[in-house]
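The values are calculated or read from the model by the stated rules, or taken from the named source; none is laboratory data. Predicted model, so just to flag it, every value in this text is computed and none were measured. Don't worry about glycine lacking a Cβ; one is built from the backbone with ideal geometry, like all the others, and counts go over all protein chains shown. Areas reflect the complete protein model, heavy atoms only, side chains present, ligands, DNA and RNA absent. Shrake-Rupley method; radii C 1.70, N 1.55, O 1.52, S 1.80 Å.
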Amino acid sequence: MKKSQAHFPKIPPIAYEGPRSENPLSFRHYNPAQIIDGRSLRDHLRFSIAYWHSFRGVGADPFGWGTIVRPWESGRDPLAVARTRMDAAFEFFVKIQAPFWCFHDRDIAPEGRSLAESNRNLDRLVAHAKQLQKATGVKLLWGTANLFSNPRYMCGAATNPDAHVFAYAAAQVKKALEVTKELGGENYVFWGGREGYETLLNTDLKREQEHLAAFLHMAVDYAKVIGFKGQFLIEPKPKEPTKHQYDFDVAAGLAFLKTHGLDRHFKFNIETNHATLAGHTFQHEIETAAAHGMLGSIDANTGDLLLGWDTDQFNTDVKELTLAMVSILRAGGLGAGGFNFDAKLRRPSIDLEDLFYAHIGGFDTYALAFKLARRILAEGKFTQFVAARYNSYNAGFGRDIESGRVGFKELEKIALKLGEPLSHSGRQEYLENLLNQYLHG
């Protein structure tokens, strides 16, 4: 369609050209049509574009206003601008070969002067998105509601001390669930951007957490009412914007969900940058979720370890992503989830081409990491080492420990009889060298 080529006329569809390609507008490792284990690489990775960064981001940071100005952002009618912006977005999705996209409700439609007007605006843009999805084949990985930007949510949404704000947030999520279902969204994400507190001088922590649990139960109940079959996801986020976030990391999220009887309804959407802000590695958060069968989806970005805030950069760290992919594949993959590029251009990256370069780098790095992880798991060297390290639990009193057939009295007798245990090397340096052989061999 001629109209679909209106916004990036100088940029061709991005094609796979192989590792030796010197064309910066091509894939070197991501070949979406490549068949691996009976599935295309496109289906294995399920890449998604984050609408808020790629098409609402303006290059602003905490110390300065935006630097990025897009040609489609002109006009006096906010709804007309929103439609044109969405046309540009879907042209980008198609050219970059992204099978999915993600959005917050306020990303795609302007907020009105009332909730009713906001809902009408959203309905108009959702109808347009539905047409574009049908025309392009791009699907919705997940939707969510922005419960953090508007000043009404300055003290949280579900955890707000004002019941009126709680009710408004509930109404907004109700609508967001409806439009996510309308667009065939495969997941719905809860990102508690301000669900936390700054000081206990004005906070009833227990009551706020109970309110948050009640809110999530209401969402589960309403999903059943409207027949939404998608997966619910919790996205842990520490430090930003509140000092004490209730969804600090996967472990805190697990404790909360299990305490309030929500764990069978939710999985986790894990973001690399949030993991490091919590003081963990990306792989640690993945393993923690996977250990409880609650690994759901990934927000594909990274942070700057020298900065203490959420920089949301495109991740090109092959080592970090290979380790993450090992854990994801070992857990059986992401199911209905995917890899959503919740990443934004750097402030000086203001050209349209930069949007393509950034996503090409992200797609390629994840694809390479996926292939390296498959090789690591197929050869089994790390798996065999770990299995051998825990071999003492496979028989004898070790097996009795794991099965619960012994207690302190029995183990004391065994310890007195056997004496001092022998020490065994963890061989960390050897294993790090072995990993480097895969990465650079």
Hey, among the residues in the range 287-315 that are under 18 Å from ARG347 (Cα atoms) and of a type in the set (D, E, K, R), which one's surrounded by the most Cβ atoms within 10 Å (Cβ to Cβ)? ASP312
Which ones in the range 228-261 are open to solvent by 30 Å² or more (accessible area, probe 1.4 Å) and either under 19 Å from ALA145 (Cα atoms) or part of a strand (DSSP E or B) (or both)? LYS229, GLN231, GLU240, PRO241, HIS244
Tell me which residues, restricted to the range 1-30, are surrounded by fewer than 19 Cβ atoms within 10 Å (Cβ to Cβ) and under 24 Å from TRP142 (Cα atoms). SER4
Just give me the residues in the range 167-219 being within 23 Å of the chain's Cα centre (by Cα), at pLDDT 95 or above and among the charged types (D, E, K, R), in sequence order. LYS174, LYS175, GLU178, LYS181, GLU182, GLU186, GLU195
Please find, within the range 87-114, the residue that is nearest to ARG152 (Cα to Cα) out of those that are buried (at least 21 other Cβ atoms within 10 Å of the Cβ) and among the β-branched types (Val, Ile, Thr). ILE108
With the requirement that a residue be hydroxyl-bearing (Ser, Thr, Tyr) and part of a loop (DSSP other than H, G, I, E, B), what does the range 270-321 give you? THR281, THR311, THR316
Scan the range 399-419 for residues that are over 23 Å from ALA387 (Cα atoms) and loosely packed, with under 10 Cβ neighbours inside 10 Å and report the count. 5
Within the group ARG194, ARG207, which residue is of a type in the set (Lys, Arg) and either part of a helix (DSSP H, G or I) or open to solvent by less than 10 Å² (accessible area, probe 1.4 Å) (or both)? ARG207
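Just to be sure, is ALA158 open to solvent by less than 10 Å² (accessible area, probe 1.4 Å), touching a Gly at 6+ places or on another chain (Cβ under 9 Å) and part of a loop (DSSP other than H, G, I, E, B)?
Against the criterion (open to solvent by less than 10 Å² (accessible area, probe 1.4 Å), touching a Gly at 6+ places or on another chain (Cβ under 9 Å) and part of a loop (DSSP other than H, G, I, E, B)), ALA158 qualifies.
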List the helices (runs of 4 or more DSSP H) inside the range 353-425, counting only whole elements, that have at least 2 residues being over 37 Å from the mean Cα position of the chain (by Cα) and over 30 Å from ASP299 (Cβ atoms). 396-403, 408-418
Members of the range 198-236 found to be among the charged types (D, E, K, R) and closer than 23 Å to GLY293 by Cα, listed by number: ASP221, LYS224, LYS229, GLU235
